[in-house]
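Report on the following structure.
The values are calculated or read from the model by the stated rules, or taken from the named source; none is laboratory data. Note that the coordinates shown come from a computational prediction; the quantities given were computed from them, not determined experimentally. All Cβ positions, glycine included, derive from the backbone under ideal geometry; neighbour counts span all protein chains shown. Keep in mind that these areas ignore ligands, DNA and RNA; they rest on the heavy atoms of the full protein, side chains included. Shrake-Rupley method; radii C 1.70, N 1.55, O 1.52, S 1.80 Å.
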Amino acid sequence: MELTQRYVAQDQSDLPEPVVDEWTNATLSDFPVHCSYRTTSLFQPAFHSHRGFEFYLCVQGKGNFIAGERIHALGAGTFTVVKPMALHLSRPNRSVPFHRYVLAVQKNYLENLYIEDKACSFTIRQWLPDPDNDSIHVQLNARQLLSVQETLTQLEWEITRKQPCYRLITKSLLLQLFAQLGRYQSESGDDHGGNHEQKQLVENILSYIMEHHHEPLSTDDLCGKFHLSRSTLFRIFKQITGFSINEFLVTYRINMAKDFLHGTELPITEVAAAVGFQDISHFCHTFKRMSGMTPSRYRSIHRTQLNSEMPPILHQQKMGQQR
């Protein structure tokens, strides 16, 4: 039985809410860098994604950070970089205080940063996930943590208060951050903590689902692929990610659909098929329930936003190509 069909008859109101973080997208449209220090308790109900890079520094606390097919251990000094549009979420231990910095940087802004200065290119690019990976994760020591924390504190202050020359200082502080990370490259270690075998197993399952999300996937297929009983498969996956396999699969498919709707001219029926929905009505119903709007409405809104963000000459070129 297909995973997408297995739960159709059940109440799907518990499935994750919208997976695209429109608040972060809107914030980065206003200014290409956003940084905030957060100490509030956290429970993210759904995987989410946005069109900027995310740099996530854990100052205090522990738990897991899931980015694409990778599960990283959270702890004081862990530093995680997530590429644009990669599904991710934090799963901190809620029994202890959890403090973190979240830095988001617009993709084009960051790319231009190292294109403008060739000397910075390698230093910056080595801290960005390559095309085959959704994230980078390292452990900073106490000295490195304090140094990076100080830079992020200054970034947050400049972006929040917008004093004269804050744009230039923000750019300078961002370059300083990458320079610091470049020096720490040889000192950073791998992530630790958690049941390594179970984490590796769930990472492999996540990777397989993401690679085959457009195909019919069944529970029996996954059990046979990973040599697990159904109960063990469901238990370990839920324990590590906080979601059922079907919840992750549907969330990932809708996330991919949004990427298609935003970046291509494919008809909605072809978008549905491309992400693994065999029934167009089921796709539209699921998309609207999780996004609050129909696929066509989503495409219309985001095409309008995209055009409004373009310089006039690029917008004219784009319209000319469409004609």
**OP:** Given the peptides 61-74, 24-37, arrange them by the average over their residues of other C-beta atoms within 10 Å, most packed first.
**Re:** 61-74, 24-37
Original post:
Can you tell me the Rg and Dmax of region 45-188, counting just the alpha carbons, in angstroms?
Top reply: 14.9, 46
**OP:** Rank these by accessible area, largest first, 1.4 Å probe: Thr151, Thr264.
**Re:** Thr264, Thr151
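Set the Förster distance to 35 Å, then compute FRET efficiency between Ser218 and Thr40 from the Cβ-Cβ distance, nearest 0.05. Can you show the working numbers first?
Numbers: r = 40 Å, r/R0 = 1.14.
With a Förster radius of 35 Å, E is 0.30.
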**OP:** Give Lys107/Lys162; Lys62/Lys199; Lys171/Lys258; Lys83/Lys118; Lys62/Lys83 a once-over and call out the pairs whose C-alpha atoms are over 26 Å from each other.
**Re:** Lys171/Lys258
Subject >> Cα-based shape type of region 111-187, given that a ≥ b ≥ c are square roots of the gyration tensor eigenvalues and the cut on a/c is 1.5 >> reply: oblate
Original post:
For Tyr166 and Ser300 in one chain, what is 0.36 nm times their gap in residues minus the Cα-Cα distance, to one decimal in nm?
Top reply: 44.8 nm
Original post:
Can you give the accessible area of Asp21, probe radius 1.4 Å, in Å² rounded to 10?
Top reply: 40
Original post:
For region 151-290, what size does the Cα cloud have along each of its three principal axes, sorted from largest down, in whole Å?
Top reply: 57, 42, 22
Original post:
What FRET efficiency would be calculated for the residue pair Leu175, Lys225, taking the C-beta separation as r and a Förster radius of 41 Å, to the nearest 0.05?
Top reply: 0.35
